[in-house]
Amino acid sequence: MKVIVFGSGGMLGSDLVPFWQSLCEVKAFPHAACDVSNREMVKKILGIEKPDVLLFLAAATNVDRCELNRDYAFRTNTIGVEIVAQECNRLGISLVYISTIAVFDGEKDSPYDEYDLPSPMNTYGLSKYHGELAVRAFCPDHWIVRTSWLFGGGMKDMKFVAKILRKASMNDTIKVVRDCVGSPTYTADLAKGISEIVERFQFGTYHLVNGGVPASRYELARETLRIAGYSADRISPCLSSDFHLPAHRPKMEAAESIRLKILPHTLSLPDWKSSLAGYIDLMHRDLAN
Ligand SMILES: NC(=O)c1ccc[n+]([C@@H]2O[C@H](COP(=O)([O-])OP(=O)(O)OC[C@H]3O[C@@H](n4cnc5c(N)ncnc54)[C@H](OP(=O)(O)O)[C@@H]3O)[C@@H](O)[C@H]2O)c1
């Protein structure tokens, strides 16, 4: 099987590409090598590479920037997806589209499953939801994989967990919101889970997150410091309304999968706390080298 990855230069790509390279032939295209909103570029690459499967990781992920600049959000998250879905369909390529639990409004008081109805509450979620609709409309041979609250990559990615560790190493006290809940998910586990979905599951939409009890950002930050050997008391809880950010954040971004539980095959990812411990250990070893 030959696979190409669009948007390979981000946090998920940095763990997914090496893992998939251990399984099959993979060519990775970061943003600079392929802008998914450029149809000619997409056509040329797909025509040359002729992959069996395309993993679509490219996304405009800055949620506040999406809110302030709809062009930024829809160019990649919707129009780019539409172009790639159409070209994949034309060439008989199966498409894996990574989506988000932010397609829901966050008002549910328990984790979202695949049969809840999307109703995005910010522009990022809306643009990703329209991306899903484009995949379904233009490329029947697809897997849509919705996930939540990723951690992984290296310190350079500076997403939530890496930021908490960095602030702790600078002796800062850190205010973290306690009224938003999600399913923390390790990119390395997600990369492996996606490969299992492609190998064993029929086309369709799946929720894929680490197991364990969903956590607030506050609980995730405390667990991060506890594992890394810092005092968790450096984290102080606050409310999302304490920050005046352009984009509203859903209160509930935790997920579960009905489909991965009851289809003929089953698939589950490890508890997020053990995966977080593994990730922090890896980062410590990297920093020591
Ligand atoms: N991070 C999370 O917590 C989370 C949660 C749920 C779902 N997801 C989804 O998971 C996927 C991977 O997320 P991530 O955290 O790895 O995001 P990321 O670190 O922001 O990576 C996204 C990559 O896409 C690239 N990109 C942006 N616009 C592009 C375009 N027009 N053409 C080609 N590449 C483009 C970015 O390049 P530049 O940096 O140069 O713009 C970046 O390298 C995304 O689909 C995201 O929506 C993420």
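Read the figures in this text as sums done on the coordinates, not as results from a lab. Source: prediction; values computed, not measured. So basically every Cβ, Gly included, is an ideal-geometry build from the backbone, and we count neighbours across all protein chains shown.
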Report task. Would you compute, from DSSP H runs of 4+ residues alone, the mean residue ellipticity of the chain at 222 nm, taking -39500 (n - 2.57) per run and dividing by the full residue count, rounded to the nearest 500? Result -> -12000 deg cm²/dmol
Query - Farthest toward positive dipole pole in the range 139-281 [+1 Lys/Arg, -1 Asp/Glu at C-beta], among L239, T185, L208 - result: L239
Query raised in the report: In what order do S240, S37, S231 fall by count of nearby beta-carbon atoms within 10 Å, going from fewest to most?
Result: S231, S240, S37
Query - Cα radius of gyration and Dmax for the chain (Å) - result: 18.5, 55
Query raised in the report: Can you pull the semi-axes for the range 162-232, root of five times each eigenvalue of the Cα gyration tensor, sorted largest first, whole Å?
Result: 31, 13, 9
Query raised in the report: For the range 114-240, what D do you get in µm² per second when you plug the Kirkwood radius from alpha-carbon pairs into Stokes-Einstein at 25 °C and 0.890 mPa s?
Result: 148
Query raised in the report: Cα convex hull of the range 92-132: mean projected area in nm², to one decimal?
Result: 3.4
Query raised in the report: What is the local net charge at A255, summed over the other residues whose Cβ is closer than 12 Å to its Cβ (Lys, Arg +1; Asp, Glu -1)?
Result: -2
Report task. Return one number: the angle in degrees, 0 to 90 and rounded to the nearest 10, between the long axis of the Cα atoms of helix 81-91 and the longest principal axis of the Cα atoms of the chain. Result -> 40
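Among the chymotrypsin sites (Phe, Trp or Tyr not before Pro) in the range 191-286, which ones are in a DSSP loop with at most 11 other Cβ atoms within 10 Å of the Cβ? Mind listing them?
Here the sparse-neighbourhood loop sites are F243.
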Query raised in the report: Among L133, G229, V84, whose Cα sits farthest toward the positive end of the charge dipole of the chain (+1 at Cβ of Lys/Arg, -1 at Cβ of Asp/Glu, about the Cα centre)?
Result: G229
Requested in this report: Determine the relative contact order of the chain: mean sequence separation of Cα pairs under 8 Å and six or more apart, normalised by residue count, in whole percent.
Outcome: 20
